[in-house]
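The values are calculated or read from the model by the stated rules, or taken from the named source; none is laboratory data. Bear in mind that the values here come from a model prediction, so they are computed numbers and not experimental data. Cβ atoms come from the backbone with ideal geometry, glycine included; neighbour counts cover every protein chain shown.
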Amino acid sequence: MEKFEKFTGIVAAIDRPNIDTDAIIPKQYLKSIKRSGFGVNLFDDWRYLDPGEPGQSNTERRLNPEFVLNKEPYKHAQILLARENFACGSSREHAVWALMDFGIKVVIAPSFADIFYNNSFKNGLLPIALGDDLVDQLFAEMESAQDYLLSIDLEQQVVTTAEGVEMTFEVDDFRRSCLLQGLDDIGLTMQYAAEIKAFEQRYYEAMPWLK
Amino acid sequence: MAGKTLYDKIWESHQVRRNDDGTALLYIDRHLVHEVTSPQAFEGLEIAQRPLWRKRSILAVPDHNVPTTALEQGITDPVARLQVDTLDQNCDKYGLTEFKRGDKRQGIVHVIGPEQGATLPGMTVVCGDSHTSTHGAFAALAFGIGTSEVEHVMATQCLIQKKSKNMRVTVDGAVGEGITAKDIVLHIIGVIGTAGGTGCTIEFAGEAITNLSMEGRMTVCNMTIEAGARAGLIACDQTTLDYVKGRPFAPAGETWDQAVACWNELHSDADAVFDKEVSIDAGEIRPQVTWGTSPEMVCSVTDTIPDPANEPDSIKAGGMQTALDYMGLRANTPFNQVLLDKIFIGSCTNSRIEDLRAAAEVIKGRKVATSVKQALVVPGSGLIKQQAEDEGLDRIFVEAGFEWREPGCSMCLAMNADRLEPGERCASTSNRNFEGRQGQGGRTHLVSPAMAAAAAIKGHFVDVREL
Ligand code: SF4
């Protein structure tokens, strides 16, 4: 996993609550056995005017000119702004892979679905939960600005607007340090292999029917 | 000190270690695997050259992509076939238990786990699928995980987890005649909302819940994820034990007694304190129908389609209007004027024998309305299909005009050929009515099996109690 560095990026906003994982990456693309290449099908139903199938070349499909990620400068967005309960629905990690493959590094919303929130950190995507009023404020500022930019500093846990207004956010220490150092979870857990083995011994002695 | 909740008990018994930052390493007993969320995990293990920690914890089955038409035809979609073949190859290579296509035991992962006794009380159960919450019906801590976590469990038998909050939803009193588990859970979601359980594990309690069969309890826990909670739980009782006893993976003989002694503790202590409590009056629950594109957009079939004009919160009202537009519905329309194109009885929410019996009872001696283009019944597993056929249910369905299919996820998420065309409207016993869930542009109304059956006969929604 890549280290999460401080950056300033273009923000794209989708003003909807409950954006679900089917919207983020429709199921037909889950047939892939790879982790990459999902970016062109991010928000597929909203992004294209004609239906898509896996394996099809997306360059021949008609883009929906109204959809934010099809417009300049949002084609290059690195930050996505949305409303509450972002990425509810299925456990598909493809939702995270699609966002990242498109170039999104941070999603800001008032709240996230739990599984998506978890999946994000495993891949280096940072979900930032800000209060409703702050999210409202960002939406309002975006409306009146061209090329709206935000700076994200995970180390300091702050989002900074172009005007220099700072908004701090919460993230647990463990996840933060994994992201900052680009650490792989499995490797970390493997350090405790002896403890896991000792646990198993006690556990199966007490509950032999599970053995 | 206050007593412990059921969730506390299972959590504590599986905690391998606690980290300083409040996370814990949680031991996983059962790992269910299917074709969609596992290939990248197997690939990851291979790249890192890591062995599987405990092969026998895994039970694998293809379900999401498999066609539900005759077996001999094989899988014609090459992309889907590659995914199913990849699962078969991975399972063969590592020597994992898999119920392959054509095996009687194959079916939807959340149906076959309990059916085989592979889900046992007190276990931790995970699967790369959000509806893993289903298994909570057995007083098992069961939740969906992403592919990275699938790989993590394969390699270490553990997950790094942060404990969630304790929430209890108590459904007091008994439900009325004709009200099913599906109506109960849809009603709960309508009350608490799709984010009502975010960050929590929900324990379902109360007379209406304990009165349910295991099938009904699974339906309730299945949709916990639609209420925002990763896991739902129901205490272990005699109903649980009766269901589990004698299943292929369940303990037998002396270890059965030993297990039961332990399982009898699987309930919240009387003095346990919950972070959040909701209580619901079972007597108020009517047959439910969703009208929008989120499971919380639900009301009683006796109501009319809600009117955004009556919603004081303007953001919510806007959301309601967007949903109505997508669904092609007008506010204040009675449900019996909502005409249906397709009917789907199936999915891990409602494809068990009890669901098929309930639908068949409504259908018996009647015909699917001529205006309905397609009505599908997709049993949850090969064994359920067989049992239904032994009971003659398949004939009731077929004579009425339903198609009787092979087991799989089917039109629940439309990864195979079973799907809605743009604009088509479906009464579905599945769990998600998101935009495009059952096919791009498709319109889904979530209902119970009996309500879906009644809608099939009439061609529009109808209160099943009045049929
Ligand atoms: S039946 Fe539907 S909800 Fe259940 S596992 Fe299959 S796709 Fe998911």
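Which of the residues belonging to the range B:65-80 are within 11 Å of another protein chain (Cβ to nearest Cβ) and either more than 22 Å from residue B:104 (Cβ to Cβ) or among the basic types (Lys, Arg) (or both)? Those that are within 11 Å of another protein chain (Cβ to nearest Cβ) and either more than 22 Å from residue B:104 (Cβ to Cβ) or among the basic types (Lys, Arg) (or both): B:77, B:78, B:79. Within this structure, residue B:62 fails the test of being under 24 Å from the mean Cα position of the chain (by Cα), over 20 Å from residue A:92 (Cβ atoms) and within 16 Å of the ligand (Cβ to nearest atom).
Close Cβ contacts (under 8 Å, 6 or more residues apart or on different chains) running from residues in the range A:54-70 that are in a loop (DSSP other than H, G, I, E, B) to residues that are basic (Lys, Arg) comprise A:54/A:31; A:64/A:47; A:65/A:71; A:67/A:47.
A search for C-beta distances below 7 Å between a residue of the range B:127-144 that is more than 14 Å from the ligand (Cβ to nearest atom) and any residue that is small (Gly, Ala, Ser), counting only pairs 6+ apart in sequence or on different chains, returns B:136/B:142; B:136/B:231; B:136/B:232; B:139/B:122; B:139/B:235; B:140/B:122; B:141/B:231.
If only residues of the range B:100-115 that are in a loop (DSSP other than H, G, I, E, B) and either buried (at least 23 other Cβ atoms within 10 Å of the Cβ) or on the phi < 0 side of the Ramachandran plot (or both) are counted, the one that is nearest to the ligand (Cβ to nearest atom) is B:108. In a residue-by-residue description of the range B:139-158, the property of being charged (D, E, K, R), more than 11 Å from chain A (Cβ to nearest Cβ) and within 25 Å of residue A:122 (Cα to Cα) applies to no position.
Can you find a residue that is among the polar types (S, T, N, Q), within 16 Å of the ligand (Cβ to nearest atom) and in contact with a Ser or Thr (Cβ under 7 Å, 6 or more places away or on another chain) anywhere in the range B:348-356? Yes, the range B:348-356 contains at least one residue that is among the polar types (S, T, N, Q), within 16 Å of the ligand (Cβ to nearest atom) and in contact with a Ser or Thr (Cβ under 7 Å, 6 or more places away or on another chain).
Do we find a residue being within 19 Å of residue A:209 (Cα to Cα), surrounded by 18 or more Cβ atoms within 10 Å (Cβ to Cβ) and away from chain A (no Cβ under 14 Å) anywhere in the range B:237-244? Yes, the range B:237-244 contains a residue that is within 19 Å of residue A:209 (Cα to Cα), surrounded by 18 or more Cβ atoms within 10 Å (Cβ to Cβ) and away from chain A (no Cβ under 14 Å). Residue B:56 meets all of the listed conditions (1) more than 16 Å from the ligand (Cβ to nearest atom); (2) more than 14 Å from chain A (Cβ to nearest Cβ); (3) among the charged types (D, E, K, R) but one, namely (2). Scanning the range B:289-316 for residues that are closer than 16 Å to residue B:194 by Cα and away from chain A (no Cβ under 12 Å) yields B:289, B:290, B:291, B:298, B:299.
A quick yes/no check of all residues on (1) modelled with pLDDT of 90 or more; (2) not charged (D, E, K, R):
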{"site": "B:6", "(1), (2)": "yes, yes"}
{"site": "B:14", "(1), (2)": "yes, yes"}
{"site": "B:27", "(1), (2)": "yes, yes"}
{"site": "B:35", "(1), (2)": "yes, no"}
{"site": "B:43", "(1), (2)": "yes, no"}
{"site": "B:49", "(1), (2)": "no, yes"}
{"site": "B:52", "(1), (2)": "yes, yes"}
{"site": "B:67", "(1), (2)": "yes, yes"}
{"site": "B:73", "(1), (2)": "no, yes"}
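The rows are residues; the columns are (1) hydrophobic (A, V, I, L, M, F, W, C); (2) touching a Phe, Trp or Tyr at 6+ places or on another chain (Cβ under 6 Å).
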site	(1), (2)
B:210	no, no
B:219	no, no
B:230	no, yes
B:276	no, no
B:280	yes, no
B:287	no, no
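Checking each residue of the range A:6-27 against the condition of being free of Cβ contacts under 8 Å to residues at least 60 places away in the same chain and not charged (D, E, K, R) gives at least one match.
Mind checking which residues of the range A:174-195 are surrounded by 19 or more Cβ atoms within 10 Å (Cβ to Cβ), facing another protein chain (nearest Cβ under 7 Å) and aliphatic (A, V, I, L, M)?
Just the residues of the range A:174-195 that are surrounded by 19 or more Cβ atoms within 10 Å (Cβ to Cβ), to begin with: A:174-175, A:178-179, A:185-186, A:189.
Narrowing further to those that are facing another protein chain (nearest Cβ under 7 Å): A:174, A:185-186, A:189.
Correct list: A:186 only.
So is residue A:118 touching a helix residue (DSSP H, G or I) at 6+ places or on another chain (Cβ under 8 Å), within 14 Å of chain B (Cβ to nearest Cβ) and surrounded by fewer than 20 Cβ atoms within 10 Å (Cβ to Cβ) or not? Step through it out loud before you land on a result.
Details: touching a helix residue (DSSP H, G or I) at 6+ places or on another chain (Cβ under 8 Å): yes; within 14 Å of chain B (Cβ to nearest Cβ): yes; surrounded by fewer than 20 Cβ atoms within 10 Å (Cβ to Cβ): no.
No; evaluated as a whole, the condition is false for this residue.
Among the residues of the range B:34-84, how many are aromatic (Phe, Trp, Tyr) and assigned to a helix (DSSP H, G or I)? Result for the range B:34-84: 1.
Residues of the range A:71-101 being outside any helix (DSSP H, G or I) and within 14 Å of chain B (Cβ to nearest Cβ), which ones?
Looking only at the range A:71-101, we keep the residues that are outside any helix (DSSP H, G or I), and these are A:71-73, A:77-93.
Selection gives A:82, A:83, A:84, A:85, A:86, A:87, A:88, A:89, A:90, A:91, A:92, A:93.
Any residue that is in a strand (DSSP E or B), of a type outside the set (Val, Ile, Thr) and under 23 Å from residue B:465 (Cβ atoms) - is there at least one of those in the range B:336-358? Scanning the range B:336-358 turns up at least one residue that is in a strand (DSSP E or B), of a type outside the set (Val, Ile, Thr) and under 23 Å from residue B:465 (Cβ atoms). Can you tell me which residue within the range B:411-437, out of those that are of a type in the set (S, T, N, Q) and away from chain A (no Cβ under 12 Å), is nearest to the chain's Cα centre (by Cα)? Looking at the filtered set, the residue picked out is B:430.
Kindly provide the set of residues from the range B:377-417 that are of a type in the set (S, T, N, Q) and within 16 Å of the ligand (Cβ to nearest atom), ordered by number. Spell out the reasoning first.
Step one: filter the range B:377-417 for residues of a type in the set (S, T, N, Q), giving B:381, B:386-387, B:410, B:416.
Once the filter is applied, which keeps residues that are of a type in the set (S, T, N, Q) and within 16 Å of the ligand (Cβ to nearest atom), the range B:377-417 yields B:381, B:410, B:416.
The numbered conditions (1) assigned to a helix (DSSP H, G or I); (2) more than 14 Å from chain A (Cβ to nearest Cβ); (3) in contact (Cβ under 8 Å) with a residue 12 or more places away in the chain are all true for residue B:369 except (1). Taken over the range A:22-41, the residue count meeting the criterion of being farther than 27 Å from residue B:294 by Cα and within 11 Å of chain B (Cβ to nearest Cβ) is 4.
The single condition from (1) within 27 Å of residue B:57 (Cα to Cα); (2) of a type outside the set (D, E, K, R); (3) away from chain A (no Cβ under 13 Å) that residue B:273 fails is (1). If you take the residues of the range B:10-29 that are facing chain A (nearest Cβ under 9 Å) and outside any loop (DSSP other than H, G, I, E, B), which of them is farthest from the chain's Cα centre (by Cα)? Residue satisfying both the conditions and the ranking: B:17. Within the range B:316-324, not a single residue is in a loop (DSSP other than H, G, I, E, B) and either among the β-branched types (Val, Ile, Thr) or modelled with pLDDT of 95 or more (or both). Within the range B:415-438, the residues that satisfy the criterion of being within 15 Å of residue B:343 (Cβ to Cβ) and either of a type in the set (Lys, Arg) or surrounded by fewer than 24 Cβ atoms within 10 Å (Cβ to Cβ) (or both) are B:419, B:421, B:424, B:425. Does residue B:351 qualify as being at positive phi and within 22 Å of the chain's Cα centre (by Cα)? No: the conditions fail for residue B:351.
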